[in-house]
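Asks: One structure is given below, represented as structure tokens, and several questions about it will come after.
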Amino acid sequence: MTLAGIHGVGQQQLGRHQLQAQWGPALLDGLERARGHLLESEPDLRLAYYGDVFASFTPVSGRKGAAALDPDLAEEELAVLIPAVLEAVSEAELEAAERAPVKAYTRAPRPLQIALRALDRRYGQHAGGLYVGNLRQVRRYLQDAELKAAVDARVREIMGRGEVRALIGHSLGSVVGFEYLRQNPETELGAFLTLGSPLGLRMVRHLMPDPHHQPRNAAVWANLRDPRDPVTCAGDLSAFWPGVRDLPPVDNGGDAHSAARYLSKREAGQVLIESLETVGP
């Protein structure tokens, strides 16, 4: 069986082969955990890589979370990002963050500093940078038509190389995967599996070409999230797309947004096995 994957944000310094080397073993672990025994055959995994597309359209700093620390964020972008961040935290958390000693984000505008500290207090160290970094790249994908076309072309190239039985999207990759299914209704899949997805965020849905679209060309759309993953703070996706099968929440430990940790979960392997077996040989 052939599976296709779409990675998330911040992969400009890597490449398809490097990321596939991370995804492949984790995927096999998830499938084996779901099976309860060694796999008789290993699936073929194809990863759609687009990190270099972002590198060619935006400056690359090489620092994780650097997008959140940029002191030159445009007012227009701040006006979008700050309300999005505030959705993820409570008023009490904001007040506590405002009173806290300044330890991080000192180069960011003060309103953003407070919001990022509140995120870190709730989700853990560096969650603020992760969250805003994701939002900025998702926003660029959905608003820059030329960039989006280049990213979408990478996915079509992978999907066009023979039959693919399931599509897996992590983080921004879940948004890209949704767009692929929307734009290619002739594609038929056993499963669309989203991991650590920001699709539930209001800012993301408001920017999507058709946020109400329900992919009918995937027999199952399953979503997996870690409640400690700040990117998934909007909650289950079935609240916005009734056809989504929200899987039981998982615990990814200290790296809640990790693609490898999501892929290695029994829940991820189980939905892939169940969905793929219904498609036939």
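The values are calculated or read from the model by the stated rules, or taken from the named source; none is laboratory data. In this text the structure is predicted, and so the values were computed from the model without any measurement. Glycine gets a Cβ as well: all are built from the backbone with ideal geometry, and neighbour counts include every protein chain shown. All accessible areas refer to the heavy atoms of the entire protein, side chains included, with ligands and DNA or RNA removed. Shrake-Rupley method; radii C 1.70, N 1.55, O 1.52, S 1.80 Å.
Asks: For VAL204, indicate whether it is closer than 19 Å to ARG136 by Cβ, in a helix (DSSP H, G or I) and modelled with pLDDT of 95 or more.
Replies: no
Asks: Next up: For the stretch 63-70, does any single residue satisfy the condition of being assigned to a loop (DSSP other than H, G, I, E, B), over 14 Å from GLN137 (Cα atoms), under 21 Å from the mean Cα position of the chain (by Cα) and modelled with pLDDT under 90?
Replies: So in the stretch 63-70, the residues assigned to a loop (DSSP other than H, G, I, E, B) come out as 63-65, 70.
Narrowing further to those that are over 14 Å from GLN137 (Cα atoms): 63.
Okay, now just the ones that are also under 21 Å from the mean Cα position of the chain (by Cα), so 63.
Narrowing the set further to residues that are modelled with pLDDT under 90 leaves 63.
The answer is yes; a qualifying residue exists.
Asks: Kindly evaluate GLY254 against the criterion of being open to solvent by 40 Å² or more (accessible area, probe 1.4 Å), free of Cβ contacts under 8 Å to residues at least 60 places away in the same chain and more than 20 Å from VAL138 (Cβ to Cβ).
Replies: Working: open to solvent by 40 Å² or more (accessible area, probe 1.4 Å): yes; free of Cβ contacts under 8 Å to residues at least 60 places away in the same chain: no; more than 20 Å from VAL138 (Cβ to Cβ): yes.
So GLY254 does not fit the description; no.
Asks: Restricting to the stretch 1-34, what's the tally of residues that are more than 23 Å from LEU172 (Cβ to Cβ), at pLDDT below 90 and either part of a helix (DSSP H, G or I) or open to solvent by less than 70 Å² (accessible area, probe 1.4 Å) (or both)?
Replies: Taking the stretch 1-34 first, the residues more than 23 Å from LEU172 (Cβ to Cβ) are 1, 28-29, 31-34.
Checking which are at pLDDT below 90 leaves us with 1.
Narrowing the set further to residues that are either part of a helix (DSSP H, G or I) or open to solvent by less than 70 Å² (accessible area, probe 1.4 Å) (or both) leaves none.
Result for the stretch 1-34: 0.
Asks: Also, I was wondering about something else. In the stretch 165-197, what count of residues is obtained for those that are farther than 20 Å from ARG136 by Cα, open to solvent by less than 10 Å² (accessible area, probe 1.4 Å) and not in a strand (DSSP E or B)?
Replies: Qualifying residue count, the stretch 165-197: 2.
Asks: Tell me which of these ILE114 doesn't satisfy, since it passes every other one: (1) in a helix (DSSP H, G or I); (2) β-branched (Val, Ile, Thr); (3) within 21 Å of VAL204 (Cα to Cα).
Replies: Failed condition: (3).
Asks: For the stretch 109-147, what are the residues that are touching an Asp or Glu at 6+ places or on another chain (Cβ under 8 Å) and open to solvent by less than 10 Å² (accessible area, probe 1.4 Å)?
Replies: ALA118, ALA127, GLY128 - these are the residues of the stretch 109-147 that are touching an Asp or Glu at 6+ places or on another chain (Cβ under 8 Å) and open to solvent by less than 10 Å² (accessible area, probe 1.4 Å).
Asks: Open to solvent by less than 10 Å² (accessible area, probe 1.4 Å) and either within 25 Å of PRO43 (Cβ to Cβ) or touching a Gly at 6+ places or on another chain (Cβ under 6 Å) (or both), is that true of LEU247?
Replies: Details: open to solvent by less than 10 Å² (accessible area, probe 1.4 Å): no; either within 25 Å of PRO43 (Cβ to Cβ) or touching a Gly at 6+ places or on another chain (Cβ under 6 Å) (or both): yes.
No.
Asks: Of the numbered conditions (1) over 21 Å from ASP52 (Cα atoms); (2) among the charged types (D, E, K, R); (3) in contact (Cβ under 8 Å) with a residue 60 or more places away in the chain, GLU157 fails exactly one; give the number of that condition.
Replies: The failed condition is (1).
Asks: Given the conditions (1) outside any helix (DSSP H, G or I); (2) at pLDDT below 95; (3) buried (at least 16 other Cβ atoms within 10 Å of the Cβ); (4) not β-branched (Val, Ile, Thr), which single one is not true for LEU276?
Replies: Checking LEU276 against (1) outside any helix (DSSP H, G or I); (2) at pLDDT below 95; (3) buried (at least 16 other Cβ atoms within 10 Å of the Cβ); (4) not β-branched (Val, Ile, Thr), the one that fails is (1).
Asks: Take the residues in the stretch 210-240 that are touching a residue at least 40 places away in the same chain (Cβ under 8 Å) and assigned to a loop (DSSP other than H, G, I, E, B); name whichever of them is nearest to VAL89 (Cα to Cα).
Replies: Here the residue is CYS233.
Asks: Now a separate question. Please state which of the following conditions ALA150 fails to meet, knowing it meets all the rest: (1) in contact with a helix residue (DSSP H, G or I) (Cβ under 6 Å, 6 or more places away or on another chain); (2) modelled with pLDDT of 95 or more; (3) crowded, with 20+ Cβ neighbours inside 10 Å.
Replies: Condition not satisfied by ALA150: (3).
Asks: Let me ask something else about it. Answer with yes or no whether VAL89 is aliphatic (A, V, I, L, M), in a loop (DSSP other than H, G, I, E, B) and surrounded by fewer than 22 Cβ atoms within 10 Å (Cβ to Cβ). Spell out how you get there, then give the answer.
Replies: On the way: aliphatic (A, V, I, L, M): yes; in a loop (DSSP other than H, G, I, E, B): yes; surrounded by fewer than 22 Cβ atoms within 10 Å (Cβ to Cβ): no.
No.
Asks: Do you know which of the residues in the stretch 198-220 that are out of contact with any helix residue (DSSP H, G or I) (no Cβ under 8 Å at 6 or more places or on another chain) and farther than 15 Å from GLU87 by Cα is surrounded by the most Cβ atoms within 10 Å (Cβ to Cβ)? Spell out how you get there, then give the answer.
Replies: The initial filter retains those residues of the stretch 198-220 that are out of contact with any helix residue (DSSP H, G or I) (no Cβ under 8 Å at 6 or more places or on another chain), namely 205-206, 212, 214, 216.
In the following step, the residues that additionally are farther than 15 Å from GLU87 by Cα were identified as 212, 214, 216.
Details: HIS212: 8, GLN214: 13, ARG216: 11.
The residue in question is GLN214.
Asks: For the stretch 153-184, enumerate the residues that are over 18 Å from LEU263 (Cα atoms), basic (Lys, Arg) and modelled with pLDDT under 95.
Replies: ARG161
Asks: Among the residues of the stretch 93-125, count how many are modelled with pLDDT of 85 or more and among the small types (Gly, Ala, Ser).
Replies: Number of matching residues: 3.
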